[in-house]
Each structure stands twice: as C-alpha cells, then as structure tokens.
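**Q** My structure is below; once you've seen it, I'll send some questions.
The values are calculated or read from the model by the stated rules, or taken from the named source; none is laboratory data. As the structure is a prediction and not an experimental result, all values here were calculated from the model. For neighbour counting, all protein chains shown are included, and Cβ atoms are generated from backbone atoms with ideal geometry for every residue, glycine included.
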C-alpha cells in the first residue's frame, strides 16, 4: 500500500478522534451546567386535603423545583395550623391563596371572606334540588307564604317571591336537632355565603315562610327582577281591589238603602169603533 495513503488515513483518524473528544466535552459541560441549576424547596401536600382541613405537619412534605410557582409556601411552618379553603391533592404545591389567613383556624369559618357571613338554611329532602346542592354551586332563594295582613288567612293570599339570587353554597349536610318529644332528628342544612343584610332577610324568611333553593348555572351571574306570583294568578283569577288606606279603612261607608219600588200593573187598551164613533176601553 502507498505510504502516502496510509499517512493521510492516519491523520484523518487523529482529526476525527480529536473532533469527537471535543464534542463529547462540550455536550458534557452543557449537561453538567443544566444539572447544577439552583433549585428551591417548597411545601407539597403529602395527601389529599379537603376544604376546611386544619393542616398538620404530617400533611405536608418538602420538595425541590427549579422554578417555584408564584405564591408557593416555602416552609412547613408557614402552612402548619392554617385551614384549607381550596382542595389540595397529594403532590401538589401548597399555595398561599389556597390557605386561610394565619390564626383563622380550620373548618367552614376559614372559608368566609372578610365582610361576609355564613347563614344556615333548613330544607327538606324534596325542596328544590336538595341532594344536588354541593359546595361551590350557586343558588337562588325563593320564599312562599301568606301575603295577607296579620290575622287574615286564605289560599288566595299565598304568594311566592324570589328573595335572593346568585348565592354561593359553602356546605351542605345534616344537622342534629330535637323534635317536640326531645328525640334527635336529622335536618338537611345548607350554609350560604351572604352579606349581613342578606343574613337578616334569610333569618326572617326561615321563621315566617317556606324556603326553596333553585340551582343556577355558575356562569350565569345576571340578576332577574320578578314581581312574584300569587295563588290567584295561577288560575287566572282577577286581582282583588286594593284595600282603602287612611281613616276610611277603619269605617267603611255604609250601603244606601233605597225604598222599595211598587210594581205597576200592566194595562191593556182596546179601541172600539161603532160607525163614525170610536172609543177606548182600558182593561
């Protein structure tokens, strides 16, 4: 074989080996530089944590991430003893916005925002959509009762009216109460998130009327103005005349009595013609 050809092949082999070595070192440096990126430790949920759970140290674990999400809790001490306001799943990063404020505790109280109240409403098993009302859903409150003044009753005075709209459901479950004999009875209770003024309306309505919950689409936030429906309107009965107000309402006018009208007897007139004479005779 030609010595010159052997020399060329040997030099090519050396160059290829050198190039491979350089590429290997460069790729290795890139991989090592990426593997040495700084990581941050954040708190992760060790198990599923439901709404209202008071977090304990055993419920959390620490994990490392390269880029922690904004608002993540970076220490166990910052989350222990706080309530969960949004469900956390195992392995999920613990976020500040999904925890109650420090010192507010757990349970439903930790879920109530500032300036709002939780109002309990008793419902029966068939009212509205009982059984399908779950936390986080939106409902309307309809009340029905006697619309007549105090002391007056009657089916025609029953009226239904939409009292409140687009209320958030905090919880739905059963409450233990006692009947007239002192025996415990389970009563379905739904807790609604309301303002203080709405809480007063619900408290009055729950004692004086019957309450029904109507489920609505959570994306439908439009409030509807309804005049209410009376029992008389269901069957097309004309509305009653408004009651007089003021002093006349206390002493209604007396009906005027007219004297009896005497009946006038019927008269028959007969005209008799005799030749050129004519005369009339009454019978």
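Every residue, every condition in (1) in the same structural domain as residue 191 (by TED's automatic domain parsing); (2) surrounded by 10 or more Cβ atoms within 10 Å (Cβ to Cβ); (3) within 42 Å of the chain's Cα centre (by Cα); (4) closer than 28 Å to residue 193 by Cα, yes or no:
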site	(1), (2), (3), (4)
8	no, yes, no, no
44	no, yes, yes, no
65	no, yes, yes, no
68	no, yes, yes, no
83	no, yes, yes, yes
92	no, yes, yes, yes
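**Q** Looking at the structure I just gave you, is residue 42 touching a strand residue (DSSP E or B) at 6+ places or on another chain (Cβ under 6 Å) and either assigned to a strand (DSSP E or B) or more than 30 Å from residue 135 (Cβ to Cβ) (or both)?
**A** Details: touching a strand residue (DSSP E or B) at 6+ places or on another chain (Cβ under 6 Å): yes; either assigned to a strand (DSSP E or B) or more than 30 Å from residue 135 (Cβ to Cβ) (or both): yes.
For residue 42, the condition - touching a strand residue (DSSP E or B) at 6+ places or on another chain (Cβ under 6 Å) and either assigned to a strand (DSSP E or B) or more than 30 Å from residue 135 (Cβ to Cβ) (or both) - is met.
**Q** Based on this model, can you work out whether residue 70 counts as modelled with pLDDT of 80 or more, closer than 22 Å to residue 170 by Cβ, outside any strand (DSSP E or B) and out of contact with any strand residue (DSSP E or B) (no Cβ under 6 Å at 6 or more places or on another chain)?
**A** Working: modelled with pLDDT of 80 or more: yes; closer than 22 Å to residue 170 by Cβ: no; outside any strand (DSSP E or B): yes; out of contact with any strand residue (DSSP E or B) (no Cβ under 6 Å at 6 or more places or on another chain): yes.
No; evaluated as a whole, the condition is false for this residue.
**Q** Scanning the stretch 109-126 for residues that are buried (at least 19 other Cβ atoms within 10 Å of the Cβ) and farther than 12 Å from residue 172 by Cβ, which turns out modelled with the lowest pLDDT? Give the derivation first.
**A** Step one: list which residues in the stretch 109-126 are buried (at least 19 other Cβ atoms within 10 Å of the Cβ), which gives 110-111, 119, 121, 123.
Filter once more, keeping what is farther than 12 Å from residue 172 by Cβ: 110-111, 119.
Details: 110: 71, 111: 75, 119: 88.
This residue is 110.
**Q** Which of the residues belonging to the stretch 200-219 are surrounded by 11 or more Cβ atoms within 10 Å (Cβ to Cβ) and either free of Cβ contacts under 8 Å to residues at least 40 places away in the same chain or part of a helix (DSSP H, G or I) (or both)?
**A** Start the filter on the stretch 200-219 by keeping residues that are surrounded by 11 or more Cβ atoms within 10 Å (Cβ to Cβ), which leaves 200-206, 209-216, 218.
Selection gives 200, 201, 202, 203, 204, 205, 206.
**Q** So, in the stretch 94-103, of the ones that are modelled with pLDDT under 85 and over 15 Å from residue 59 (Cβ atoms), which residue ends up surrounded by the fewest Cβ atoms within 10 Å (Cβ to Cβ)?
**A** Across the stretch 94-103, the extreme among qualifying residues is 103.
**Q** How about the stretch 152-183: which of its residues are surrounded by fewer than 19 Cβ atoms within 10 Å (Cβ to Cβ), farther than 30 Å from residue 87 by Cβ, at pLDDT 55 or above and out of contact with any helix residue (DSSP H, G or I) (no Cβ under 8 Å at 6 or more places or on another chain)?
**A** Within the stretch 152-183, 152, 153, 154, 161, 162, 179, 180, 181, 182, 183 qualify.
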